[in-house]
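S.K.: What follows is a structure written as structure tokens; I'll ask about it next.
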Amino acid sequence: MRVCFRSSVQPAMLDEYRRRHAAVWPDMLRALKDAGWNNYSLFLSGDGLLVGYLECDDFDAVRARMALTDVNARWQAEMATLFEDSGQAPDEGFQVLDEVFNLDSQLAAAESTAN
């Protein structure tokens, strides 16, 4: 499945957020990959809007697998002060967005009805 989510980084903390993500801990990178976070990207706007995209088998399952790792707990604690709602772990505040259009899916459907 493909997942897109949004969150909010404090505008005053954008440079720090970028700095930390320029060199994510190697054990965090491996944990994400091992948990099934594939093709994972984050996008950040100047006002603090953070948009994430990943491909996975099941979003709840990959989040649960990450929650079991010590490195994720450490990473979330380090990142919490950078987010708008620092009363919860950043990965608990993701707002998942509904996919309303996919070019490949619609092209495949159009081609199958044309044949």
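The values are calculated or read from the model by the stated rules, or taken from the named source; none is laboratory data. Here the structure is a predicted model, which is why all the values come from computation and not from measurement. Neighbour counts are summed over all protein chains in view; Cβ atoms, including those assigned to glycine, are modelled from backbone coordinates with ideal geometry. Just so you know, the surface numbers come from the protein's heavy atoms only, side chains and all, with ligands and any DNA or RNA stripped out. Shrake-Rupley method; radii C 1.70, N 1.55, O 1.52, S 1.80 Å.
S.K.: Per-residue accessible area for Met13 at 1.4 Å probe radius, Å² rounded to 10?
M.R.: 60 Å²
S.K.: Using the charge dipole of the chain (Lys, Arg: +1 at Cβ; Asp, Glu: -1 at Cβ; taken about the Cα centre), state which of Val96, Trp75, Ala109 has its Cα farthest towards the positive end.
M.R.: The residue sitting farthest along the positive end of the dipole is Trp75.
S.K.: At q = 0.15 Å⁻¹, what log₁₀ I(q)/I(0) does the chain have when each alpha carbon counts as one equal point scatterer in the Debye sum?
M.R.: Cα-only, vacuum Debye calculation for the chain: -0.71.
S.K.: Loop only by DSSP, 16 or fewer other Cβ within 10 Å of the Cβ. Give me the GluC sites (Glu not before Pro) in segment 17-108 that pass, ordered by residue number. Write out the running numbers ahead of the final one.
M.R.: Numbers: sites: Glu55, Glu78, Glu84, Glu92, Glu99; in loops: Glu84, Glu99.
Listed in order of number, the matching sites are Glu84, Glu99.
S.K.: Explain nothing, just the number: dipole magnitude of the chain about its Cα centre with +1 on each Lys and Arg Cβ and -1 on each Asp and Glu Cβ, in debye rounded to the nearest 20.
M.R.: 340 debye
S.K.: Hey, another quick one. Hey, what did the chain get for relative contact order, percent, Cα under 8 Å, at least 6 apart? Show your work: numbers first, answer last.
M.R.: On the way: 132 pairs, mean separation 42.8, N = 115.
That works out to 37 percent.
S.K.: Taking the Cα centre of segment 2-69 as origin, work out the dipole magnitude from +1 charges on Lys and Arg Cβ and -1 charges on Asp and Glu Cβ, in debye rounded to 20. Write out the running numbers ahead of the final one.
M.R.: On the way: 9 positive and 9 negative charges, 23 e Å.
Dipole of segment 2-69, to the nearest 20 debye: 120 debye.
S.K.: Between Phe43 and Phe101, what length in nm is gained on full extension when 0.36 nm per residue of separation is reduced by their alpha carbon distance? Don't skip to the answer; put the middle values down first.
M.R.: Details: separation 58, 0.36 × 58 = 20.88 nm, distance 1.91 nm.
Working it through step by step, the gained length comes to 19.0 nm.
S.K.: Another question, then. Using the Karplus curve 6.51 cos²θ - 1.76 cosθ + 1.60 with θ = phi - 60°, what ³J(HN,Hα) values do you get for each residue of segment 53-67, in whole Hz, with x for Gly and Pro?
M.R.: Values, residue by residue: 9, 8, 10, 7, 6, 7, 4, 4, 5, 5, 5, 5, 5, 5, 4 Hz.
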